[in-house]
1. How many residues are open to solvent by 60 Å² or more (accessible area, probe 1.4 Å) and in a strand (DSSP E or B) when one looks only at the range 17-56?
2. In the range 9-16, is there at least one residue being part of a strand (DSSP E or B), over 18 Å from V117 (Cβ atoms) and open to solvent by less than 60 Å² (accessible area, probe 1.4 Å)?
3. Please find, within the range 111-121, the residue that is farthest from N27 (Cα to Cα) out of those that are assigned to a strand (DSSP E or B) and open to solvent by less than 20 Å² (accessible area, probe 1.4 Å).
4. Kindly provide the set of residues from the range 80-107 that are closer than 19 Å to S53 by Cβ and buried (at least 19 other Cβ atoms within 10 Å of the Cβ), ordered by number.
5. Within the set of pairs 6 or more residues apart or between chains, which connect a residue that is over 23 Å from S110 (Cβ atoms) inside the range 60-80 to a residue that is of a type outside the set (S, T, Y) and surrounded by 15 or more Cβ atoms within 10 Å (Cβ to Cβ) with Cβ atoms less than 8 Å apart?
6. Of the residues T57, T50, which is β-branched (V, I, T) and closer than 20 Å to F108 by Cβ?
Amino acid sequence: QVQLVESGGCLVQAGVSLRLSCAVSGNIFSIITMAWYRRAPGQQRELVATITSNNSTNYADFVKGRFTIDRANAKNTVYLQMNSLKPEDTAVYYCRTDGRIAGSYKRFESWGQGTQVTVSS
């Protein structure tokens, strides 16, 4: 079983920076893609950023130039550095990862429980 635990979300003022973390644990052979999604109040969940095992990244247009995703493979952890936060960035941020289970090499996909980020104006 693979578990994801996000942390770092809180209430901040517009313009400041925040760094989210997501630690992955379990019987893991490999982690392929790590990603951050978010769901704003009354909105559908949307992709924020992804990073592959070879550190190729992809960002949603609304965060390009402000957010940076990176991963620490030795710690099975993915981060989201969020700069110049705006009130419209207010959302629950979710971590998602996929990879293979140790032993069986079966593919897995797992989600975290989410961490709330609130940006006040």
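The values are calculated or read from the model by the stated rules, or taken from the named source; none is laboratory data. All of these numbers come straight from a predicted model, not from anything done at the bench. FYI the Cβ positions are ideal-geometry reconstructions off the backbone, even for glycines, and counts take in every protein chain you see. For the accessible areas, the whole protein counts, side chains as well, though only heavy atoms, and no ligand, DNA or RNA atoms are used. Shrake-Rupley method; radii C 1.70, N 1.55, O 1.52, S 1.80 Å.
1. Selection size over the range 17-56: 5.
2. No, that holds for no residue.
3. In the first step, residues of the range 111-121 are kept if they are assigned to a strand (DSSP E or B); the result is 111, 115-120.
With the extra rule that they be open to solvent by less than 20 Å² (accessible area, probe 1.4 Å), the set shrinks to 115, 117, 119.
On the way: T115: 24, V117: 30, V119: 36 Å.
Looking at the filtered set, the residue picked out is V119.
4. Within the range 80-107, L80, C95, R96, T97, G99 meet the criteria.
5. Correct list of pairs: R66/M82; R66/L85.
6. One residue alone meets the criteria, T50.
Residues checked against (1) over 17 Å from V78 (Cα atoms); (2) of a type in the set (A, V, I, L, M, F, W, C):
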{"position": "A23", "(1), (2)": "no, yes"}
{"position": "Y37", "(1), (2)": "no, no"}
{"position": "Y59", "(1), (2)": "no, no"}
{"position": "F62", "(1), (2)": "yes, yes"}
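This table checks each residue for (1) touching a Ser or Thr at 6+ places or on another chain (Cβ under 7 Å); (2) β-branched (V, I, T).
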| site | (1), (2) |
| --- | --- |
| T33 | yes, yes |
| T50 | yes, yes |
| A74 | no, no |
| Q81 | yes, no |
| C95 | no, no |
| R100 | yes, no |
| G103 | no, no |
| F108 | no, no |
| W111 | no, no |
